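First up is the structure itself, then whatever we jot down about it.
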There are 2 protein chains.
Amino acid sequence: MTQSTPSGRLPATIGVDIGGTRYKICWLGAEGGPRDVISRPTGGHRQVGTVLAEIAEAIAETRAAAIHAGHDILAVGVGIPAVLDLQGGRIVLLPNFSGSWQNFRLAAALEALVRLPVHIINDARAYTLAESRLGAGRGVADLLAITLGTGVGGGLVLSGALRFGPNHMAGEFGHITYDPHGARCGCGARGCIEAYASGSAIAAAALRPLLQGRMPILRELIGNEPARLDADAVARAAAAGEPEAEEIYAQVAHVLGLGIAHVMKIADISCVVVGGGVAAAGEVLLSPLREAVRANSIVFGAFQPRIVRAEVEQAGAAGAALWAREETMKGSRA
Amino acid sequence: MTQSTPSGRLPATIGVDIGGTRYKICWLGAEGGPRDVISRPTGGHRQVGTVLAEIAEAIAETRAAAIHAGHDILAVGVGIPAVLDLQGGRIVLLPNFSGSWQNFRLAAALEALVRLPVHIINDARAYTLAESRLGAGRGVADLLAITLGTGVGGGLVLSGALRFGPNHMAGEFGHITYDPHGARCGCGARGCIEAYASGSAIAAAALRPLLQGRMPILRELIGNEPARLDADAVARAAAAGEPEAEEIYAQVAHVLGLGIAHVMKIADISCVVVGGGVAAAGEVLLSPLREAVRANSIVFGAFQPRIVRAEVEQAGAAGAALWAREETMKGSRA
């Protein structure tokens, strides 16, 4: 994709990351990172057609910016926090969005609006692709990427290729079972990692001791306002030496470490990229995480993956653009 | 490998399966299953050189039988219950064998004795290859094979290829953690699946109630002789309606089902092949196992792998022969 297009301009793709709160759009040439990022509210409670019409307008703006910069847009990638039917370009299950989104043929509908090929992908797999091609996973053949935010997402690169599997389930790290007797998850199973290691879970774990008058450092950090409690505040309290905050991150590290050890024994990888808002905790999380992976590893921890922080800005939208690029190149080879 | 060799004979490979108790040898042509199977005691407590000299003699016998049947042996595959360094042809860790086996360069030593290329492979991965190419996994692109015997082994086929991973750890199903607070396993981690779902674990679970005078059906089946207690006897008691025997298999199914659900979420597969002595239990095991996989699956069990019994006789030796064939073909393409 480094050659110029028939128009004489350089080839590029557009990436769209549709989140529960905001959607983000950027374009990506063969060189460099995401450009001309647009970020607007999604309003997923609205009809899918209304939201798509707005996204199509934003794609047109992005395309104009890319053409202005001497590029031609070949395709659009769309990342979405859903279980997807990739072949059919269809949403199978998209929690927290209105009923009109469920079972919707997103790719065909958006193609009709923007008159470009559209390739959909799960948002965590898009993030994984961005870290693998542009970020902390560059040059790594076998990689797990996890993203710790409101929920926990993941993706797997094996022998250099993003793994989907026959049901497009591969890399669903957040829904690996931690406790089979735990609470029922939105996915249908019980005790998923997501319920113990997401940003929401971290804040929830700190709420009770805070309301009981404990965790003085955390209380001061949030100005005694429980509404300002989030995973980042708990991380800052842990870094400042609050023992209960450290314990919360140690438990999160235990849960994630066990999941990573599962991935080591099942798929085998050499690197784990940790991203999302919770990763801002840095060593407060990564240091106990490395220890937890070692403790649950085979052959006395002889084989350890590197565990590093994610690097790519706007990884969701950039990854969706990369997905469109890889699908376009696959099509031109076929 | 269907064309004839320069000598005008048909190409074939030899497979060796070195177990803790016995080693098995066979040869495999392009058509049909394993032929002229030899089975002799290993004596793994002896020096590796002594055992290898015996195996080299058995390989010579097998080669003579293959030549007699109009075939030429191109290479030898050796399956072994060890952590291996495939590139170096070296044993990294081989539990229950004498010190002389540890760190031994098995491939080079056997090549010198038999004057044929030798390719080593973990025994459970060899079994997986046999089921994938000749058995219950024929035509399945994404497959988990597990073998339930004295221990629990496994292997993964992804997109048609046996998966090894950067540390040759992929498919180590028996060492997925079931209970992180469980007993320390020989592998260094705690509470591995193997400790709960192997044939030895099943027999051990029945021993206490038996000694306490419970499980009358089981007691009668083994003629009141605890020395005759094994997983098969517990399975027959469960099939005959012994409630505690059924409970033991339900617990084994729970442990295995959770592990299979992990594999679904991490690597995604469409079929699970269950082999080894414990698989003889049939529906006593497979029926609760299907239910356990469903209960721990994502999206309310919408995506379920088929769970079937293994089919290949002498799958360990046959798989080692297949491994030698695939490595030989890879070499001839390179």
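The values are calculated or read from the model by the stated rules, or taken from the named source; none is laboratory data. None of the values given here were measured: they were computed from a predicted structure. When we count neighbours, we look across all protein chains shown, and the Cβ atoms used for this are built from the backbone with ideal geometry, even at glycine.
For this structure, a couple of remarks:
- Cβ pairs under 7 Å, 6+ apart, first in the range A:47-75 and among the β-branched types (V, I, T), second surrounded by fewer than 17 Cβ atoms within 10 Å (Cβ to Cβ) and in a helix (DSSP H, G or I): A:V48/A:S100
- Top-ranked residue in the range A:293-305 [being within 9 Å of chain B (Cβ to nearest Cβ) and part of a helix (DSSP H, G or I); ranked as modelled with the lowest pLDDT]: A:F300
- Residue list for the range A:285-334, restricted to those being of a type in the set (D, E, K, R) and touching a His at 6+ places or on another chain (Cβ under 6 Å): A:E327
- The range B:90-122, subset polar (S, T, N, Q) and surrounded by fewer than 17 Cβ atoms within 10 Å (Cβ to Cβ), residue farthest from the chain's Cα centre (by Cα): B:S100
- Residues satisfying the stated conditions in the range A:141-168, i.e. assigned to a loop (DSSP other than H, G, I, E, B) and facing another protein chain (nearest Cβ under 9 Å): A:A141, A:D142, A:S159, A:R163, A:F164, A:G165, A:P166, A:N167, A:H168
- Failed item, numbered, when B:Y23 is tested on (1) surrounded by fewer than 17 Cβ atoms within 10 Å (Cβ to Cβ); (2) hydroxyl-bearing (S, T, Y); (3) within 28 Å of B:F104 (Cα to Cα): (1)
- Residues of the range B:1-25 satisfying the condition of being assigned to a strand (DSSP E or B) and aliphatic (A, V, I, L, M): B:L10, B:A12, B:I14, B:V16, B:I18, B:I25
- Each residue in the range A:76-89 was checked for being touching a residue at least 24 places away in the same chain (Cβ under 8 Å), away from chain B (no Cβ under 14 Å) and either farther than 18 Å from A:L116 by Cβ or surrounded by 23 or more Cβ atoms within 10 Å (Cβ to Cβ) (or both), and 5 of them qualify.
- The one condition in (1) away from chain B (no Cβ under 14 Å); (2) of a type outside the set (K, R); (3) surrounded by fewer than 21 Cβ atoms within 10 Å (Cβ to Cβ); (4) touching a residue at least 60 places away in the same chain (Cβ under 8 Å) that A:S287 fails to fulfil: (4)
- Counted residues, the range A:258-278 - those being surrounded by 20 or more Cβ atoms within 10 Å (Cβ to Cβ) and away from chain B (no Cβ under 14 Å): 5
- In the range B:222-243, the residues that are of a type outside the set (G, A, S) and farther than 18 Å from B:G277 by Cα: B:N224, B:E225, B:P226, B:E242, B:P243
- The residues of the range B:169-200 that are in contact (Cβ under 8 Å) with a residue 60 or more places away in the chain, more than 9 Å from every other protein chain (Cβ to nearest Cβ) and assigned to a loop (DSSP other than H, G, I, E, B), listed by number, are B:Y178, B:G186, B:I193, B:S198.
- Any chance A:R184 is of a type in the set (D, E, K, R) and either touching a Phe, Trp or Tyr at 6+ places or on another chain (Cβ under 6 Å) or within 22 Å of A:A321 (Cα to Cα) (or both): no
- Residue satisfying all of: in the range B:111-159; farther than 19 Å from A:D268 by Cα and in contact with an Asp or Glu (Cβ under 6 Å, 6 or more places away or on another chain); modelled with the lowest pLDDT among these: B:G151
- The number of residues in the range A:90-113 being over 22 Å from A:G171 (Cα atoms) and in contact (Cβ under 8 Å) with a residue 60 or more places away in the chain comes to 3.
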